[in-house]
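One structure is given here, and the rest of the page talks about it.
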Amino acid sequence: MIYSFKKKNRETFDDLRNHFNESVLDNLVDDLRNHFNESVLDNLGWMDGFPSIDLYNQTNLELAPETLCEDHDDTFFMTEKTIKPIAMKHPFMVLANKNFLKNLRGLGFKTFHEHLDESYDSEPMIEKRVDILMKNLIQHKNQTHKIYKDTKQIRDHNHLNLQHQAGEYWTKLFKTIDDILRNI
């Protein structure tokens, strides 16, 4: 497992502290360190681009911590954090608001419920979502290669759907721009 946490400082953790109490953050980091060999990437600067293919070749499952993550909130807001594993054809879980995966499936994407416990998606409380995600990571830590192999059809489907969604977006955008320019 490769994981990344920026060094604790006021700027990095203020936003997280608004959503979690200190003990939840400390427990999450402790759980990761207790159950996995430590491989920490500090200050890896890929900005909004994609991380190295070498990193994806070393892993078989991704936990995407989405931007919004609140108790009892089912707002759907997908960012590059979820798009990256789809684009890189990786199985994934998402720490996000309630029903994130349900909304993702509504966009034509498939999720990994046959291989992972996705009950976290319908859980209204963030701490319980984190617990279920951690149990998934711990339970499957020696099975990720099998999960990767067994999810090829889902990963390929999601990759093609992402290309389709992006194509539709750009087509609509350019058509709108063309319409605006023609009417000036």
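Since every read-out is calculated from the coordinates, none of them should be taken as a lab result. Quick caveat, the model's predicted, so the values are computed rather than measured. Backbone-built Cβ (ideal geometry, glycine too); neighbour counts: all protein chains shown.
Considering the range 95-117 alone, what residues qualify as being in contact with a helix residue (DSSP H, G or I) (Cβ under 6 Å, 6 or more places away or on another chain) and farther than 15 Å from GLU66 by Cα?
GLY108, PHE109, LYS110, THR111, HIS115, LEU116, ASP117, listed by residue number.
Count, please, the residues in the range 112-129 that happen to be part of a loop (DSSP other than H, G, I, E, B), surrounded by 21 or more Cβ atoms within 10 Å (Cβ to Cβ) and touching an Asp or Glu at 6+ places or on another chain (Cβ under 9 Å).
Total satisfying the criteria: 0.
Kindly provide the set of residues from the range 75-96 that are touching a Phe, Trp or Tyr at 6+ places or on another chain (Cβ under 7 Å) and either exposed (fewer than 15 other Cβ atoms within 10 Å of the Cβ) or not in a helix (DSSP H, G or I) (or both), ordered by number.
Passing the criteria: PHE76, MET88, HIS90, PRO91, VAL94.
Can you work out which of the residues in the range 54-74 that are in contact with a Lys or Arg (Cβ under 7 Å, 6 or more places away or on another chain) and under 23 Å from HIS115 (Cβ atoms) is surrounded by the fewest Cβ atoms within 10 Å (Cβ to Cβ)?
Only one residue fits best here, namely PRO65.
Would you confirm, using the coordinates I've provided, whether LEU133 is touching a helix residue (DSSP H, G or I) at 6+ places or on another chain (Cβ under 7 Å) and in contact (Cβ under 8 Å) with a residue 24 or more places away in the chain?
Against the criterion (touching a helix residue (DSSP H, G or I) at 6+ places or on another chain (Cβ under 7 Å) and in contact (Cβ under 8 Å) with a residue 24 or more places away in the chain), LEU133 qualifies.
Suppose the filter is crowded, with 17+ Cβ neighbours inside 10 Å, out of contact with any Pro (no Cβ under 6 Å at 6 or more places or on another chain) and part of a loop (DSSP other than H, G, I, E, B); does MET134 pass it?
no
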